[in-house]
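Participant: My questions will all concern the structure given below.
The values are calculated or read from the model by the stated rules, or taken from the named source; none is laboratory data. Because the structure is a prediction, the values reported are computed rather than measured. Quick reminder, even Gly has a Cβ in these numbers, built from the backbone with ideal geometry, and neighbours come from all protein chains shown.
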């Protein structure tokens, strides 16, 4: 290559740089200013949501979505200032979004379910719930799954899509819970005495609440026994011990009173 050709190429490159430098400088100014502005906006949005006592999971999720949406918008603006056509780029993004959406239909269902759980709050972290055949304490509400811990220390991950569309029993929401038990005694027994014995057991247990008052009443007259419904109320933290103590103490009290206990069923 001759010196004249080198000089010609160098002059052409210099002219291109001179012509293109304003766009390049303005594009990078937009980029740096935009990144700083996005950081401030994201920080402000997080503070506003925290002040309004929004769920921490929802706060983080919405802030992250806003962050990436602003970053994508800034990137499109940046390449537009460089003089690069953005129409084809936006089309490619749309096609990619459609393809990802079709391939992740199940995940999107779980995502939507997670949003419903976070917004409407049928339960919160620390609640004991029954759903999808599982009774467990909620450890963490994630975007796609809910992490729970069962009574025998097993960690269960339930998809939010199925969880939000199914029946959820929240045992912790009201703070108090009633144990429903059934004691069956012989027809030869004194019914009034049996009722007094069962009520006395409930009133002597300090974990049984006086308000709402515990109940004992004849529930059913079966073929071979008189069935009593025994219903003590307890705080959620004491429910398990009240349930088991009521079984043990009522059986012992009936035996001591000479009242024959027939085979019975327990309704949880």
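Participant: Given the condition modelled with pLDDT under 80 and under 23 Å from residue 168 (Cβ atoms), answer yes or no: does some residue in segment 79-101 qualify?
Facilitator: no
Participant: Right, here's the next one. Could you list, in sequence order, the residues of segment 185-219 that are out of contact with any strand residue (DSSP E or B) (no Cβ under 9 Å at 6 or more places or on another chain) and more than 19 Å from residue 242 (Cα to Cα)?
Facilitator: Within segment 185-219, 188, 190, 192, 193 meet the criteria.
Participant: Scan segment 51-62 residue by residue and report those that are in a helix (DSSP H, G or I) and either at pLDDT 80 or above or farther than 22 Å from residue 111 by Cα (or both).
Facilitator: Our first condition is that a residue be in a helix (DSSP H, G or I); within segment 51-62, this holds for 51, 56-62.
Hit for segment 51-62 is 51, nothing else.
Participant: Return the residues of segment 191-222 that are over 30 Å from residue 130 (Cβ atoms) and in a strand (DSSP E or B); say none if nothing qualifies. Talk me through it step by step, then tell me what you get.
Facilitator: The first filter runs over segment 191-222 and keeps only residues over 30 Å from residue 130 (Cβ atoms), leaving 191-197, 200, 204, 221.
Across segment 191-222, the qualifying residue is only 221.
Participant: Follow-up question, since we're still on this one. Of these, 188, 255, which one is farther than 24 Å from residue 128 by Cα, outside any loop (DSSP other than H, G, I, E, B) and at pLDDT below 95? Show your work before the answer.
Facilitator: Values: 188 fails: outside any loop (DSSP other than H, G, I, E, B).
255 is the lone residue from the list that is farther than 24 Å from residue 128 by Cα, outside any loop (DSSP other than H, G, I, E, B) and at pLDDT below 95.
Participant: Now for a different question. Please specify each residue of segment 156-180 satisfying the condition of being closer than 20 Å to residue 230 by Cβ and in contact with a helix residue (DSSP H, G or I) (Cβ under 6 Å, 6 or more places away or on another chain).
Facilitator: 177, 179
Participant: Now a separate question. Any residue at all in segment 141-151 that's modelled with pLDDT of 90 or more, under 23 Å from residue 238 (Cα atoms), out of contact with any helix residue (DSSP H, G or I) (no Cβ under 6 Å at 6 or more places or on another chain) and surrounded by fewer than 16 Cβ atoms within 10 Å (Cβ to Cβ)?
Facilitator: From segment 141-151, those modelled with pLDDT of 90 or more are 146-150; that's our starting set.
Still in the running and under 23 Å from residue 238 (Cα atoms): 148-150.
After this cut, where a residue has to be out of contact with any helix residue (DSSP H, G or I) (no Cβ under 6 Å at 6 or more places or on another chain) as well, the list is 148-150.
Within this subset, residues satisfying the condition of being surrounded by fewer than 16 Cβ atoms within 10 Å (Cβ to Cβ) are 149-150.
Yes.
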